[in-house]
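The values are calculated or read from the model by the stated rules, or taken from the named source; none is laboratory data. Here the structure is a predicted model, which is why all the values come from computation and not from measurement. Every residue, glycine as well, gets a Cβ built from its backbone with ideal geometry; the counts of neighbours run over all protein chains shown.
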Amino acid sequence: GRSKWQGEQIVREQCRGAGVPFTILRPGNVIGPGSQFITRMGKELRRGVLMTLDGGQVHAGLLYVDNLVDYLLWAAKSPQALGECFNVRDPGEVTWGQFIQDFKRALNGRGWVIDLPFAVADGLAHLSAGVLGRLLPGEPLLHPLLVRLFGRTCGHSIRKIQTASGFVGAVPYSE
């Protein structure tokens with residue numbers, strides 16, 4: 001959100017002021033071998049419950065790690081990337097609901113998936129982080145940042161980087 005934008009502004013100002021070339025890449029949700037994010041989701045599903053919000057229809061903005069590396073290498077070498085800012089994700093239109101169901105299938109159907117309205121989950125998350133966070137040690141049961149991640153689109157347009165780089169993502173979602 002705002003802090004990322006502020007960081008980008010600092011990069012632009014400092015690099016331009018010092019004559020240092022730069023490119024800003026805004027990666028989506030990086031998945032692949034060793035992903036802590038995916039490992040944690042798998043643990044939650046195996047343990048019992050994972051959540052979708054508003055039917056899981058929000059774009060997940062997934063980016064396979066190998067595809068991210070391809071974009072990083074392109075950005076490091078391409079004159080077209082200099083001084084630019086790009087959203088980076090895989091081209092598919094995968095929703096959180098689809099991703100979680102596919103993940104559950106990969107775990108042989110283990111775990112339950114419950115669906116909550118965004119407003120309910122957001123309220124519970126703030127309660128969990130606020131009141132319960134003071135009483136119970138560790139992470140809240142439901143974190144406000146996770147509710148925002150699963151409840152707001154991560155499918156920002158990648159047309160600019162696709163046009164500039166010609167890439168479409170070598171590793172498809174199905175893998």
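Any residue at all in the range 112-124 that is aromatic (Phe, Trp, Tyr), surrounded by 15 or more Cβ atoms within 10 Å (Cβ to Cβ) and under 23 Å from Arg46 (Cα atoms)?
Taking every residue of the range 112-124 in turn, none turns out to be aromatic (Phe, Trp, Tyr), surrounded by 15 or more Cβ atoms within 10 Å (Cβ to Cβ) and under 23 Å from Arg46 (Cα atoms).
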List every residue pair whose Cβ atoms lie under 6 Å apart, where the two residues are 6 or more positions apart in sequence or sit on different chains, the first residue falls within the range 81-98 and is within 7 Å of Thr23 (Cβ to Cβ) and in contact (Cβ under 8 Å) with a residue 24 or more places away in the chain, and the second residue, located anywhere, is part of a helix (DSSP H, G or I) and among the hydrophobic types (A, V, I, L, M, F, W, C).
Ala81/Ala75
Just need a number here: residues in the range 102-115 that are part of a helix (DSSP H, G or I) and in contact with a helix residue (DSSP H, G or I) (Cβ under 7 Å, 6 or more places away or on another chain).
2
Name, by its number, the condition in (1) surrounded by 13 or more Cβ atoms within 10 Å (Cβ to Cβ); (2) farther than 30 Å from Ile24 by Cα; (3) modelled with pLDDT of 90 or more that does not hold for Cys85.
(2)
Given the range 1-101, what helices (runs of 4 or more DSSP H) lie entirely inside it while holding 1 or more residues that are under 21 Å from Arg159 (Cβ atoms)?
2-18, 65-77
Over the range 7-37, the set of residues of a type in the set (S, T, N, Q) and more than 22 Å from Gly169 (Cα to Cα) is Gln9, Gln14
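Do we have Gly61 as surrounded by 18 or more Cβ atoms within 10 Å (Cβ to Cβ), within 30 Å of Trp112 (Cβ to Cβ) and under 22 Å from the mean Cα position of the chain (by Cα) here? Walk me through how you get there before you give the answer.
On the way: surrounded by 18 or more Cβ atoms within 10 Å (Cβ to Cβ): yes; within 30 Å of Trp112 (Cβ to Cβ): yes; under 22 Å from the mean Cα position of the chain (by Cα): yes.
So Gly61 fits the description; yes.
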